[in-house]
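Contents: one structure, followed by commentary.
Nothing in this text is a laboratory measurement; each read-out follows from the coordinates by a stated rule. It should be emphasised that the depicted structure is a prediction, and the values quoted were computed from it without experimental measurement. Neighbour counts run over all protein chains shown; Cβ positions are idealised from the backbone, glycine included.
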């Protein structure tokens with residue numbers, strides 16, 4: 001699951017009836033207000049940029065940061081390097 005807190009990052013955000021989702025292994029919950037597609041621009045080693053399309057991204061205006069799921073990206077058969085760890 002990808003989660004973004006910035007409404008401006010979404011392409012044609014589909015508002016949904018607000019609901020909450022529980023966070024990891026806690027009792028904390030975040031309000032979910034929409035779902036859509038987000039473009040993620042990635043800086044490549046050669047100085048160029050590549051745009052990755054993230055689908056079914058949840059919009060949570062209350063989240064303190066955005067979360068990108070490496071598992072979901074690898075399911076799209078996209079390879080990359082994060083903090084010098086290959087995924």
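Computed quantities for the displayed model
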| read-out | value |
| --- | --- |
| Cβ-derived FRET efficiency at R0 25 Å, residue 7 paired with residue 42, nearest 0.05 | 0.70 |
| The chain - mean residue ellipticity at 222 nm from DSSP helices (-39,500 (n - 2.57) per run, n ≥ 4, rounded to 500) | -1500 deg cm²/dmol |
| Separation of the residue 27 and residue 51 label points, Cα + 7 Å toward Cβ, nm | 4.5 |
| Over the chain, relative contact order from alpha-carbon pairs under 8 Å, at least 6 apart, % | 34 |
| Max mean-square fluctuation residue, GNM over the chain, Cα-Cα springs under 10 Å, options 43, 62, 12 | 43 |
| Cα gyration tensor category, rounded, prolate or oblate, for the chain with a/c compared to 1.5 | prolate |
| Fluctuation leader among 36, 66, 20 - the chain, Gaussian network, Cα springs under 10 angstrom | 20 |
| Residue of 24, 33, 63 that the Gaussian network model of the chain assigns the largest fluctuation, springs spanning Cα pairs under 10 Å | 24 |
| Residues 37, 74, 48, sorted so that the one with the fewest Cβ neighbours within 10 Å comes first | 48, 74, 37 |
